[in-house]
Amino acid sequence: MRLVLDTNVVVSAMLWGGRPRLLLDAARAGPVRLFTSATLLAELDETLRYPKFRGKIDASHLAIEQLVALYAGLATVVRPAPIEPVILADPDDDAVLACALAARAACIVSGDSHLLNLGAWRGIEVLSVQAALRRLDESSERC
């Protein structure tokens, strides 16, 4: 399954683990291919620098640059497709859509209501972490 993870999912997976981390584990194991872009990696770097994440990053014993590099190594970096503005309330979310279109992703996984409210965009489903994990379980049962 080809996925683009929104930055909020990546941060949650890296700093808290839990269900979001299962998506990273699935990418390492093979049934999931993750895609990102330079724009999304820059957003990840910027987000990880928020003071509220300092304690979690310190506890990881990794530098922010290392965390970003680890994710970049797990995902395939694509050049975003040019798109017209879609999410006027939060234009930064368009970077996720542009990445997913370029990656020919099956799904975007996000916790962001602007993206989740789309439901789907250009044939790309927008799912919560829980829904993406359910979809992954269903696809593995068919194999």
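Residues considered: Leu41, Leu101. Of these, the only one that is under 20 Å from Ala132 (Cα atoms) and assigned to a helix (DSSP H, G or I) is Leu101. Looking at region 63-76, is at least one residue buried (at least 17 other Cβ atoms within 10 Å of the Cβ), in contact with an Asp or Glu (Cβ under 9 Å, 6 or more places away or on another chain), within 20 Å of Ala27 (Cβ to Cβ) and in contact (Cβ under 8 Å) with a residue 12 or more places away in the chain? So far as region 63-76 goes, yes, one or more of its residues are buried (at least 17 other Cβ atoms within 10 Å of the Cβ), in contact with an Asp or Glu (Cβ under 9 Å, 6 or more places away or on another chain), within 20 Å of Ala27 (Cβ to Cβ) and in contact (Cβ under 8 Å) with a residue 12 or more places away in the chain. Being touching a helix residue (DSSP H, G or I) at 6+ places or on another chain (Cβ under 7 Å), at pLDDT 95 or above and not in a helix (DSSP H, G or I) is a property that does not hold for Ile57.
In region 77-98, what residues are of a type in the set (A, V, I, L, M, F, W, C) and touching a residue at least 40 places away in the same chain (Cβ under 8 Å)?
The initial filter retains those residues of region 77-98 that are of a type in the set (A, V, I, L, M, F, W, C), namely 77-78, 81, 83, 86-89, 95-98.
Within region 77-98, Val77, Val78, Ala95, Val96, Ala98 qualify.
Scanning region 1-38 for residues that are outside any helix (DSSP H, G or I) and within 9 Å of the chain's Cα centre (by Cα) turns up Leu3, Val4, Leu5, Asp6, Leu34, Phe35, Thr36.
Can you name the residue in region 99-108 that is surrounded by fewer than 21 Cβ atoms within 10 Å (Cβ to Cβ) and in contact (Cβ under 8 Å) with a residue 24 or more places away in the chain and, of all such residues, is nearest to Leu23 (Cα to Cα)? Steps first, please.
Residues of region 99-108 surrounded by fewer than 21 Cβ atoms within 10 Å (Cβ to Cβ): 101-102, 104, 106.
Still in the list and also in contact (Cβ under 8 Å) with a residue 24 or more places away in the chain: 102, 104, 106.
Details: Ala102: 20, Arg104: 18, Ala106: 14 Å.
Going through the qualifying residues, I end up with Ala106.
Is it fair to say Asp112 is in contact (Cβ under 8 Å) with a residue 12 or more places away in the chain, acidic (Asp, Glu), more than 16 Å from Arg21 (Cβ to Cβ) and surrounded by fewer than 18 Cβ atoms within 10 Å (Cβ to Cβ)? Judged against the criteria, Asp112 is not a match. Considering every residue within region 78-92, establish whether at least one is more than 11 Å from the chain's Cα centre (by Cα), closer than 22 Å to Met1 by Cβ and crowded, with 17+ Cβ neighbours inside 10 Å. For region 78-92, residues more than 11 Å from the chain's Cα centre (by Cα), closer than 22 Å to Met1 by Cβ and crowded, with 17+ Cβ neighbours inside 10 Å: present.
The values are calculated or read from the model by the stated rules, or taken from the named source; none is laboratory data. Predicted model only: the values in this text are computed from it and were never measured. When we count neighbours, we look across all protein chains shown, and the Cβ atoms used for this are built from the backbone with ideal geometry, even at glycine.
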